[in-house]
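A quick write-up on the structure given underneath.
Throughout, read-outs are computed from the coordinates displayed, never taken from laboratory work. None of these values were measured; they are calculated from a predicted model. As a convention, Cβ positions derive from the backbone with ideal geometry for all residues, glycine included, and neighbour counts pool all protein chains shown.
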Amino acid sequence: MDWRWDFTFDVVLPKMWQAAGVTIWATVASFAFALVGGLILMLLKTNRSAWISRPATELIEFIRATPLLVQIFFLFFLLPEIGLTLPPLTTGILAIGIYNSALCAEVYRAGFQAVPKGQWEACTALNMSTYRTFRDVIIPQSLPPIVPALGNYLVAIFKETPLLSFVAVAEIMQVSKLIGAEYYRFTEAITIAGIFFLVMSLIAAFGIRLVENYVKRSILH
């Protein structure tokens with residue numbers, strides 16, 4: 001394999017550095033959207049009214065059953081048709097956020113349902129408000145199973161960002177392909193992109209374990 005270190009340091013790494021910022025921003029923004037969107041969908045799905053819970057359930061199933069790339073293309077080409085033109089990066093973040101909102105909604109639901117029914121009944125017997133019930137009893141007990149699952153989705157979102165290259169977002173995979181096409185050298189660019197995803201995934205996994213341990217210690221104490 002003909003590996004050129006001068007090409008790596010002079011061309012690949014400087015261009016990759018800027019693209020890495022786009023990838024990280026897309027990951028963080030999409031994850032934040034998914035956390036909020038997932039909570040909203042979960043509350044709608046668990047609503048006592050069938051008029052609210054049934055459409056929310058069907059929407060979640062529709063999103064989960066549709067490939068993410070199809071959703072990215074759908075928003076990218078549909079939004080301008082209805083007069084809403086967004087930058088490709090914003091559209092991609094929106095698509096990834098919506099897709100993972102449906103997944104996070106199920107994580108929230110499973111976490112809350114893992115709390116024993118007796119805990120809910122005890123809060124009702126003590127005449128605790130809904131706010132205090134969730135803040136002091138339900139949320140602390142549901143966090144341990146929720147945090148690791150949400151952390152896994154964070155890593156998954158990070159590894160989904162290369163799909164944004166299909167709508168010309170200059171994230172790290174798109175830039176690596178452009179470098180290869182311009183200089184007719186793909187080895188260095190693709191390898192550096194792979195190393196970047198590996199290193200950042202390992203860092204994210206380590207951070208998730210720290211957060212998980214912190215949550216467990218906080219609840220135990």
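Expressed in nm to one decimal, what extension gain is obtained for the pair residue 210 and residue 135 from 0.36 nm per residue of sequence separation less their Cα-Cα distance?
Numbers: separation 75, 0.36 × 75 = 27.00 nm, distance 2.23 nm.
Here the answer is 24.8 nm.
Treating the beta-carbon of each Lys and Arg as +1 and of each Asp and Glu as -1, no other charges, what is the dipole magnitude of the chain about its Cα centre, to the nearest 20 debye?
780
Counting residues in the range 7-49 as N, plug N into 2.2 N^0.38 Å and put the Cα Rg over that result. Don't skip to the end; give the middle numbers.
Values: Rg = 18.6 Å, N = 43, 2.2 N^0.38 = 9.2 Å.
That ratio works out to 2.03.
If one computes the Cα centroid of the range 30-72 and of the range 149-205, what distance in Å separates the two points?
Distance between centres, Cα-based: 27 Å.
Pick out, in residue order, every one of the GluC sites (Glu not before Pro) in the range 22-87 that is DSSP loop and has at most 10 other C-beta atoms within 10 Å; say none if there are none. The partial results should precede the final answer.
Numbers: sites: 58, 61, 81; in loops: none.
Qualifying residues, ordered by number: none.
If you take the charge dipole of the chain about its Cα centre, with +1 on Lys and Arg Cβ and -1 on Asp and Glu Cβ, which of 16, 161, 5 is farthest toward its positive end?
About the Cα centre, the residue reaching furthest to the positive side is 161.
Nearest 10 degrees, 0 to 90: what angle lies between the long axis of helix 13-45 and the longest principal axis of the chain (Cα atoms)?
It is inclined by approximately 20 degrees.
Tell me, what is the FRET efficiency for residue 77 and residue 106 to the nearest 0.05, using R0 = 35 angstrom and their Cβ-Cβ distance as r?
Numbers: r = 28 Å, r/R0 = 0.81.
That pair, residue 77 with residue 106, gives E of 0.80.
Quick one: 192, 203, fewest Cβ neighbours within 10 Å first, how do they rank?
Numbers: 192 20, 203 11.
Ranking 192, 203 by Cβ neighbours within 10 Å, fewest first, gives 203, 192.
Binning at 5 angstrom from zero up to the longest distance, how are the C-alpha pair distances of the range 5-220 distributed in percent?
Taking every Cα pair in the range 5-220, the percentages come to 1, 7, 12, 14, 15, 14, 11, 9, 6, 4, 3, 1, 1, 0, 0.
Test of understanding: ordering 13, 94 by Cβ neighbours within 10 Å, fewest first, what list do you get? Before the final figure, lay out the partial values.
On the way: 13 14, 94 19.
Least crowded to most crowded, the residues run 13, 94.
How about residue 15: which lysines have a C-alpha closer than 30 Å to its C-alpha, ignoring those fewer than 8 places off in the same chain?
Filter leaves 159, 177.
Neighbouring Cβ atoms within 10 Å as the yardstick, rank 155, 115 fewest first. Let's see the in-between values first.
Working: 155 19, 115 16.
Least crowded to most crowded, the residues run 115, 155.
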